[in-house]
Amino acid sequence: MPAQKHMAVVGGGIAGLSAALALGRTGNDLQVFEKASEISEIGAGIGLGPNAMRVLQEWGVRQTLLELGCVPQQLIARDAGNGCVISQLPMGQSFIDSYGAPYVTLHRADLQQVLLSAVKQQTSASLLTRHTLAAVKLSEHWMDLKFQDSIENHQAQVLIGADGLHSAVRSAVFGHHAPVASGHWAYRALLPMREVPQDVRQIHIGIWMGRRLHVVHYPVRGGDALNLVVLLESHDSATQPGWDVSRSTEQITADLKLAMHKSCTELQDLINAAQGWRAWCLFDREPLQRASQMAQGRVALLGDAAHPMLPYLAQGAGMAIEDAACLAMHWQNKSLTVEQRLLNYAQSRWQRVSRVQQRARRNGNIFHAHGWFKIARDAAMKIGGARLMDLPWLYGHQLNLTAIESDF
Ligand SMILES: Cc1cc2nc3c(=O)[nH]c(=O)nc-3n(C[C@H](O)[C@H](O)[C@H](O)COP(=O)(O)OP(=O)(O)OC[C@H]3O[C@@H](n4cnc5c(N)ncnc54)[C@H](O)[C@@H]3O)c2cc1C
């Protein structure tokens with residue numbers, strides 16, 4: 001007799017843990033399957049907008065996140081070539097006043113651990129590591145889940161795919177379509193704040209825009225470390241996501257040296273202060289076009305499994321957290337069938353995440369502008385200032401239960 005649970009969540013990343021927390025804390029019986037041997041994250045930072053922080057606040061983890069992270073006081077956009085400030089956006093208290101929650105920057109491992117602890121404390125969800133979903137067999141009432149290297153089958157009535165970019169749930173139920181390799185690479189490093197050049201040590205988010213590249217940095221771990229990311233356009237697209245795919249340490253150093261050679265000394269000093277660089281090839285998918293790309297029958301997708309995006313709006317995890325909260329809200333509506341509740345979730349979400357995917361791509365073009373486009377961008381940012389950089393539609397978004405007419 002296969003092990004049966006009402007609800008199965010595949011993937012124990014930010015989306016999977018958020019789904020387990022949101023659904024589990026309202027009393028749902030669920031099981032999380034994660035392919036890794038432990039639920040953990042690599043050493044890099046993550047920024048959470050007030051839209052995600054409001055949800056995390058609702059889940060009771062705001063204070064812990066604030067203690068582990070940082071609240072940047074402003075975002076400063078500069079020209080990577082000459083170091084001049086192009087525009088600034090006040091964040092800190094100004095975001096709390098406008099959006100009811102701060103923008104918080106964190107180490108990913110801290111976010112992951114906070115979510116994991118909350119799942120353990122607030123829910124009865126069981127977490128099974130070393131479980132790589134290999135196949136899904138749909139039948140009328142139960143779905144059979146088959147895992148690699150396991151003779152034991154599991155069954156679930158509802159399946160939540162939170163298994164990231166190359167989602168096995170997505171391939172099995174929604175059809176296999178390869179994600180888009182953008183040709184953009186993220187080079188990431190984390191350095192102790194004491195090793196950071198003095199002028200970058202303030203608690204702010206820095207973004208330096210150059211020709212076909214940009215650099216982002218922000219403090220994490222209460223200001224003890226700086227997360228530094230160099231984003232480059234390259235002709236070399238990896239076909240698989242992952243750390244250091246087709247990039248040796250020597251190549252990473254050479255790539256950074258070549259890319260940054262026209263940058264101002266201040267930025268070069270910052271890049272040179274960091275060690276242990278790792279490279280990550282960036283993928284996304286075409287922006288969602290309909291609700292049926294997020295839910296079909298008794299299966300729903302969340303996070304990168306549903307809508308991977310370029311990190312140029314810093315919202316992939318934010319959207320996963322919103323997805324989870326929205327799914328749990330619709331799930332509460334017990335007067336509807338399972339299928340209708342999942343459909344309502346998808347109806348509530350697809351247009352928003354589609355817009356975020358589109359804006360993330362557009363930001364890449366804006367950040368990496370050169371020639372006349374750069375001149376126009378800088379002029380607009382100087383005149384528009386904070387008004388142009390603030391995003392009320394994104395940060396002020398309120399999740400609601402209103403289901404839009406079905407587009408099936
Ligand atoms: C450079 C960079 C910077 C970013 N910065 C930000 C930021 O500042 N703010 C922000 O909000 N977002 C940011 N993002 C995006 C964010 O990291 C992702 O959107 C988010 O981590 C997606 O979470 P996820 O849980 O959906 O997917 P993943 O993190 O990929 O998790 C999927 C999980 O599923 C597991 N899994 C996969 N396949 C299977 C299987 N077959 N069976 C069982 N388990 C499986 C994996 O092991 C993994 O644990 C950034 C991304 C990048 C690349």
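The values are calculated or read from the model by the stated rules, or taken from the named source; none is laboratory data. Predicted, not measured: the structure shown is a model, and the values here were computed from it. Virtual Cβ from ideal backbone geometry, glycine too; neighbours counted across all protein chains shown. Ligands, DNA and RNA are excluded from the accessible area calculation, which covers all protein heavy atoms including side chains. Shrake-Rupley method; radii C 1.70, N 1.55, O 1.52, S 1.80 Å.
Accessible surface of LYS137, taken over heavy atoms with a 1.4 Å probe and every protein chain present, rounds to 120 Å². The mean sequence separation of alpha-carbon pairs under 8 Å and at least six residues apart, normalised by the residue count of the chain, gives a relative contact order of 21 percent.
In this structure ILE375 has an accessible area near 100 Å², from a 1.4 Å probe over the protein heavy atoms. Applied to the stretch 81-88, the Karplus parametrisation 6.51 cos²θ - 1.76 cosθ + 1.60 on θ = phi - 60° returns per-residue 3J(HN,Hα) values of x, 10, x, 5, 6, 8, 6, 9 Hz, with x for Gly and Pro. Prolate is the label for the stretch 311-408. Its Cα gyration tensor axes, ordered a ≥ b ≥ c, give a/c of at least 1.5 and a/b above b/c.
Between ALA254 and THR132, the simple label model (points 7 Å from Cα in the Cβ direction) yields a spacing of 3.1 nm. Calculated accessible area for the chain comes out at 42 Å² per residue, all protein chains present (probe 1.4 Å; ligands, DNA, RNA ignored). GNM, the chain, Cα, under 10 Å: largest mean-square fluctuation among GLU152, GLU233, GLU322? Its mean-square fluctuation being the largest, the pick is GLU152. When the chain is treated as a GNM with alpha-carbon contacts under 10 Å, the residue of THR132, THR105, THR64 showing the greatest mean-square fluctuation is THR64.
Rounded to the nearest 0.05, the FRET efficiency derived from the C-beta distance between HIS166 and GLN202 at R0 = 35 Å is 0.35. If I compute solvent accessible area with a 1.4 Å probe over the protein chains, what percent of it on the stretch 1-101 is carbon and sulfur? Percent of accessible area from carbon and sulfur atoms in the stretch 1-101: 46.
Peptides 162-172, 301-311, 359-369 ordered by packing proxy, namely the average of other Cβ atoms within 10 Å per residue, highest first: 301-311, 162-172, 359-369. When VAL136, VAL215 are compared by accessible surface with a 1.4 Å probe, the order from highest to lowest is VAL136, VAL215. Residue order by solvent-accessible surface for VAL173, VAL180 is VAL180, VAL173, largest first, with ligands and nucleic acids left out and a 1.4 Å probe. The smallest convex shape that holds all Cα atoms of the stretch 1-104, its convex hull, gives 141 Å³ per residue. Only protein heavy atoms count here; on that basis, with a 1.4 Å probe, TRP277 has an accessible area of about 40 Å². Across LYS334, LYS146, the residue with the most accessible area heads the list, and the full order at a 1.4 Å probe is LYS334, LYS146.
Remark on ASP390: its backbone amide H falls under 5 Å from none of the residues 5 or more positions apart or on other chains, H modelled at 1.01 Å from N. Out of ILE205, ILE151, ILE39, any idea which swings most in a Gaussian network model of the chain, alpha carbons joined below 10 Å? Sorting by GNM fluctuation, first place goes to ILE151.
Measuring nothing but how far apart in sequence close Cα pairs (under 8 Å, 6+ apart) lie, relative to its length, the stretch 302-371 scores a relative contact order of 41 percent. When only Cα pairs below 8 angstrom with a gap of at least 6 residues are kept, the stretch 122-174 shows a relative contact order of 28 percent. Once the Cα-Cα distance is subtracted from the 0.36 nm per residue extended length, the TRP142 to ARG362 segment shows a gain of 75.0 nm. Quick check on the stretch 240-316: take the gyration tensor over C-alpha atoms, sort the square-rooted eigenvalues as a ≥ b ≥ c, and tell me if it's rounded (a/c under 1.5), prolate or oblate. Prolate, since a/c reaches 1.5 and a/b exceeds b/c. For the chain, the residue among HIS6, ALA360, TRP280 whose Cα projects farthest onto the positive side of the dipole built from Cβ charges is ALA360. Simple rule: put +1 on each Lys or Arg Cβ and -1 on each Asp or Glu Cβ in the chain, find the dipole, and look at THR337, ALA225, GLN112; the Cα lying farthest toward the positive end is THR337. Taking label positions 7 Å along the Cα-Cβ direction at both SER124 and ARG212, the computed distance is 5.8 nm, reported to one decimal.
On full extension, the segment bounded by LEU391 and ARG290 gains 34.0 nm, given 0.36 nm per residue less the C-alpha separation. Using a probe radius of 1.4 angstrom, the carbon and sulfur fraction of the accessible surface of the stretch 317-408 is 58%. If only the Cβ of Lys and Arg carry +1 and only the Cβ of Asp and Glu carry -1, the dipole of the chain around its Cα centre is close to 580 debye. Taking every DSSP helix (H) stretch of at least 4 residues in the chain, weighting each as -39,500 (n - 2.57) and dividing the sum by the residue count yields a mean residue ellipticity at 222 nm of -11000 deg cm²/dmol.
Between rounded, prolate and oblate, where does the chain land on the alpha carbon gyration tensor, with a ≥ b ≥ c its root eigenvalues, rounded for a/c under 1.5, else prolate if a/b exceeds b/c? Here the chain falls in the prolate category.
For the stretch 321-367 versus the stretch 133-196, the spacing of their alpha-carbon centroids is 18 Å. Look at the dipole of the stretch 179-302 built from charges on Cβ: of ALA186, ALA291, CYS264, the Cα furthest out on the positive end belongs to ALA291.
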